[in-house]
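This report concerns only the one structure given below.
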Amino acid sequence: MSAAPSAQQITSLYESTRGALNASNPDLETIRSRLSQLKVGLVQITTQSAQVIQDPSFQLLKRSILEMGAEFSIKTGDISGFERYLAQLESFYFDNKLGLSESKVMYPLIGLNLLRMLSENLIADFHTTLERIGLDQLQNNQFIVHPVKLEQALMEGSYKKVWQARSEVPTPEYLFFMDILMATIRNEVASCAEKSYTGLPFADAKTVLFFTSMDELLTFAKGRQWIVSPAEKRIT
């Protein structure tokens, strides 16, 4: 890409990158490189002409690129990258001074960010974000309702409800943060179990730790250096 790309060049690169990301077997390293080019290009255009800041078409393009970056971050497990992209998208989602049309992925991404906050126990940030969302969306938007109900279950200490919420995600991308949250819960439950019991039968341990297979339980037990007794079907 030239030192001073045009908006048309950025648009073309965005569209090809979007197509690559939507492919059934995306080349993640190529997409990562293209995203870097796009971000540099946005800065170059803004530096070259401050007028683009007020250009709705350019701002829509910028928003789309940031949203694609957030999606890519989830696909590659880059939590800090996802957080940075959402921070940049806040001005589009919550301020929107240019009156841009609402993004189709706005609420799915906000919901994902709410899940990230829950998985990192950032409860104050979680509620601050909720305060910026309209009441109708809080009550009826499936992408927002899911993390709201999840936070309520966490506050109740109802880990079973949290586990059930995993099967009720509005989009598969939510499973990324749900699995992180469940890993945290399992470790909390395991720590309590270690203090309360000298040992547990495999079946009981599998149930209280919300595992769906014995292999998952045994791998977890090994990670916590528990003693596994296959003959007794018990861990201590």
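Over segment 30-88, what is the relative contact order in percent, taking alpha-carbon pairs closer than 8 angstrom and at least six residues apart?
On the way: 28 pairs, mean separation 14.7, N = 59.
This gives 25 percent for segment 30-88.
If one takes the longest principal axis of the Cα atoms in the chain, at what angle in degrees, from 0 to 90 and to the nearest 10, does the Cα axis of helix 7-21 lie?
30 degrees
Taking a 31 Å limit on the Cα-Cα distance, which of the listed pairs Lys97/Lys161; Lys39/Lys161; Lys62/Lys160; Lys104/Lys161 fall beyond it?
Values: Lys97/Lys161 39 Å; Lys39/Lys161 40 Å; Lys62/Lys160 41 Å; Lys104/Lys161 29 Å.
Beyond 31 Å between Cα atoms: Lys97/Lys161; Lys39/Lys161; Lys62/Lys160.
Does segment 1-95 come out rounded, prolate or oblate by the C-alpha gyration tensor, with a ≥ b ≥ c the root eigenvalues, rounded set by a/c under 1.5 and, if not, prolate when a/b is larger than b/c and oblate if not? Show your work: numbers first, answer last.
On the way: a/c = 1.97, a/b = 1.28, b/c = 1.54.
Since a/c reaches 1.5 but b/c is at least a/b, the shape of segment 1-95 is classed as oblate.
Quick one: net charge of Gln8's neighbours, Cβ under 14 Å, K/R +1, D/E -1?
On the way: positive: none; negative: Glu15, Asp55.
It works out to a net charge of -2.
Using only Cα atoms, tell me the angle between helix 142-156 and the longest principal axis of the chain; keep it within 0 to 90° and round to the nearest 10.
Approximately 40 degrees, to the nearest ten.
Can you tell me the relative contact order of the chain? Whole percent, Cα pairs under 8 Å, sequence separation 6 or more. Walk me through the intermediate numbers first.
Details: 182 pairs, mean separation 26.4, N = 236.
Value for the chain: 11 percent.
Convex hull over the alpha-carbon atoms of segment 44-86: what's its volume per residue in Å³? Working shown, then result.
Working: hull volume 3.0 nm³, N = 43.
Cα convex hull per residue, to the nearest whole number: 69 Å³.
Which loop GluC sites (Glu not before Pro) in segment 1-108, with loop taken from DSSP, have no more than 16 other Cβ atoms within 10 angstrom of their Cβ? Walk me through the intermediate numbers first.
On the way: sites: Glu15, Glu29, Glu67, Glu71, Glu83, Glu90, Glu102; in loops: Glu102.
Passing sites in segment 1-108 are Glu102.
Give the distance, in whole Å, between the Cα centre of segment 114-181 and the Cα centre of segment 47-99.
Each part's Cα centre sits 23 Å from the other's.
Using Cα-Cα distances under 8 Å and only pairs 6 or more residues apart, what relative contact order does segment 1-140 have, in percent?
Dividing the mean separation by the residue count of segment 1-140 yields 17 percent.
Amide H of Arg234 versus every other amide H placed in the peptide plane: which residues, excluding those fewer than 5 positions away on the same chain, fall under 5 Å?
For Arg234, the qualifying residues are Phe202, Ser229.
Suppose all protein chains stay in the model; what accessible area per residue would a 1.4 Å probe give for the chain, in Å²? Don't skip to the answer; put the middle values down first.
Details: 13070 Å² over 236 residues.
Result: 55 Å² per residue.
Between the helical axis of 79-90 and the dominant principal axis of the chain, each derived from Cα atoms, what acute angle in degrees is found, rounded to the nearest 10?
Its long axis makes an angle of about 50 degrees.
So, with a 1.4 angstrom probe, what is the percent of accessible area on the chain that is carbon and sulfur?
Working: 6680 of 13070 Å².
With neighbouring chains kept in place, the figure for the chain is 51 percent.
The values are calculated or read from the model by the stated rules, or taken from the named source; none is laboratory data. A quick note: this is a predicted structure, and the numbers were derived from the prediction, not measured. As a convention, Cβ positions derive from the backbone with ideal geometry for all residues, glycine included, and neighbour counts pool all protein chains shown. Quick note on the areas: whole protein, heavy atoms, side chains included, nothing else; ligands and nucleic acids left out. Shrake-Rupley method; radii C 1.70, N 1.55, O 1.52, S 1.80 Å.
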